[in-house]
Amino acid sequence: MAFGAGGGSPDEVKGDINVTPLVDVCLVLLIIFMVVTPMLQQGVDVLLPEGPHSEKKPGKEGDLIISVKQDGTVFVGQDWIPDRDLSKYLKAEHDKNPGRAVMLKADKRINFGKVRLVMKAANDAQFTSVGIMTQNQEAGEQIAKGRG
């Protein structure tokens, strides 16, 4: 025997939608995106310089990402490399895969002299393709204005 809710006959169909499963699915998706999003970025997080002429270049999976943080520390991928070992480390990486491209991510608040030293180390290691990553200035302005 079933009981109706609120004055209708017991055989009447309820028109309410149960949103609990929908909320559960949305929370699971939110957790998945929160876990996966940091994994999409390569290298260490830095504040990139902005430029009006930056172009999106296709990156390859095997690119060597070198990050220079604001305090001058250098990371290759996620590994911190002391300045004295940088040339040897880059030479060893070049010997493993000579065709690899190097992508340099330098914080915009850092002195350019440090960036020059890292580029020199990559050049001394005989890497032939070195790119500097920037953020598109127009895209940043559009995001700030709420159009992006």
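The values are calculated or read from the model by the stated rules, or taken from the named source; none is laboratory data. Because the structure is a prediction, the values reported are computed rather than measured. A quick note on method: Cβ atoms are made from the backbone with ideal geometry, for glycine too, and the neighbour counts reach across all protein chains shown.
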Mind checking which strands (runs of 3 or more DSSP E) fall wholly inside segment 58-139 and carry at least 2 residues that are without any contact (Cβ under 8 Å) to a residue 12 or more places away in the chain?
79-81
Looking only at segment 120-138, filter to residues that are closer than 14 Å to H94 by Cβ and in contact with a strand residue (DSSP E or B) (Cβ under 7 Å, 6 or more places away or on another chain); which one of those is surrounded by the most Cβ atoms within 10 Å (Cβ to Cβ)?
A122
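One line per residue, one yes/no per condition, for (1) touching a Cys at 6+ places or on another chain (Cβ under 9 Å); (2) assigned to a loop (DSSP other than H, G, I, E, B); (3) surrounded by 10 or more Cβ atoms within 10 Å (Cβ to Cβ); (4) at pLDDT 75 or above:
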position: M1; (1), (2), (3), (4): no, yes, no, no
position: G7; (1), (2), (3), (4): no, yes, no, no
position: P10; (1), (2), (3), (4): no, yes, no, no
position: V13; (1), (2), (3), (4): no, yes, no, yes
position: P21; (1), (2), (3), (4): no, no, no, yes
position: L29; (1), (2), (3), (4): no, no, yes, yes
position: T37; (1), (2), (3), (4): no, no, no, yes
Look at segment 85-109 and say how many of its residues are more than 24 Å from the chain's Cα centre (by Cα) and either within 21 Å of T73 (Cα to Cα) or among the charged types (D, E, K, R) (or both).
7
Which condition from (1) surrounded by 11 or more Cβ atoms within 10 Å (Cβ to Cβ); (2) modelled with pLDDT of 75 or more is the one that V44 breaks?
(2)
